[in-house]
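*Asks:* What follows is a structure written as structure tokens; I'll ask about it next.
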Amino acid sequence: MSKQQNKTHICEENLGAHCRCTVCGNFCHDYHSNDDGTFAASGKVATDRCARCGYEEHYYADSGKVIENYRGRSYEREPESVHSSRQATQGELLYMVKKSDEEYIITGITERSVAEKMGLRHLTVIVVPFVTDGADKGCWIVHNRHDKQVAKGKTGAPLSLNLFGGHCGPSDNDISGVIGQTVGIERLRKNALRELSEELLCKNGMEKQLELWRDSMFAGEFLYASPYEVYPESLIPIGFTEYAAKDNVEYSYIFALPVPGDQAEQIIAADNYEKRSQTDGIAYETDIALPVVFMAESELKRLWESRDPQVEVCDAITRLWEEQNRVVHQRLIEYIGAHEVF
């Protein structure tokens, strides 16, 4: 088995627990399969087992689809539709990915909770909207996620600045046959557009009802908005970044999004959280309005470096300043600096 190597180190020479590289966070399992070549034809479940740490991964031999929470009760595939399979999962599904030379390959599909618990490298998209003209030209459009954190029962800084985007995962008609595929720009754009339709809204619309919060509490009022119109070609491809934290190991693709100044004034951010009805206690999801801030990148970096406990600059932003992402960061700031409105 060839060693996994990047510009600075060989992962196999720096392995910690569970075959995880202590330098970059990649998992480098030495997999050996029990498939003798007949499993696909009979619909059996195959097992890859790491010879170093013993970690096992189970998958359908005919499609390569990874099976989460496998209990080994039968080697035969249980009949189920793709739709019912997704409904039965406990959380959102994500693409697991690896880098091979200069390509990024989908290696499996897993639940978000599993990826975070096991530190599995997965795929995300991050969009950097910026103002193209006017007094705020060149400023990044970020949002304060503090109220969302409080709504979800978390605590944090009163000013918690974040970008837009999220996890990439399959749709109902895309759940099989993707293992081994290269991550293409159209798949990334599709996921970015989906995230933006939920998070980047325009206040002069009526499609979504958003809770308004004040002083970290629901004010009993609502704001109405609709998704900000983003065309696929408006998302400017910048490149892949990598990020590794204790429970969050990602390859993130960065897009830039030019926003004219007159439209930027109408933008508001949004997110959803689970809420329980006061009458019957039934849980349901509701949307919450999050204020946006126009801020120069230099000011964001100054706030991050100040280590002010009242201010959080989220890792979607700070990963751009990490050394391994220097080339992508430079490409981003050059595009924003050179952008002209015609």
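Laboratory data are not the source of any read-out in this text; all were calculated from the coordinates shown. It should be emphasised that the depicted structure is a prediction, and the values quoted were computed from it without experimental measurement. Here the Cβ positions follow ideal geometry from the backbone for every residue, glycine too, while neighbour counts run over all protein chains shown.
*Asks:* Just to confirm my numbers, what's the Cα centroid distance between the stretch 133-160 and the stretch 193-221 in Å?
*Replies:* 13
*Asks:* Among Gln310, Ile185, Thr279, whose Cα projects farthest towards the positive end of the dipole of the stretch 123-338, with charges put on the beta-carbon of Lys, Arg (+1) and Asp, Glu (-1)?
*Replies:* Gln310
*Asks:* Please report, in whole Å, how far the alpha carbons of the stretch 203-260 spread along each principal axis, starting with the longest.
*Replies:* Between the extreme Cα coordinates on each principal axis of the stretch 203-260 lie 40, 35, 17 Å.
*Asks:* Would you mind ranking Arg307, Arg187 so that the residue whose beta carbon has the fewest other beta carbons within 10 Å leads the list?
*Replies:* Ascending number of Cβ neighbours within 10 Å: Arg307, Arg187.
*Asks:* In addition: So for Arg214, Arg49, Arg319, fewest C-beta neighbours within 10 Å to most, what's the order?
*Replies:* Ordered from fewest to most neighbouring Cβ atoms within 10 Å, Arg214, Arg49, Arg319 come out as Arg214, Arg49, Arg319.
*Asks:* Nearest-5 percent of antiparallel DSSP beta bridges in the stretch 123-338?
*Replies:* Taking every DSSP beta bridge with both residues in the stretch 123-338, the antiparallel ones total about 75 percent.
*Asks:* When a footprinting reagent is the concern and you count Cβ atoms within 10 Å, what order do Met118, Met295 take, fewest first?
*Replies:* Details: Met118 14, Met295 18.
Listing Met118, Met295 from fewest to most nearby Cβ atoms yields Met118, Met295.
*Asks:* Could you sort the peptides 99-108, 234-243 by per-residue average Cβ neighbour count (10 Å cutoff), highest mean leading?
*Replies:* 234-243, 99-108
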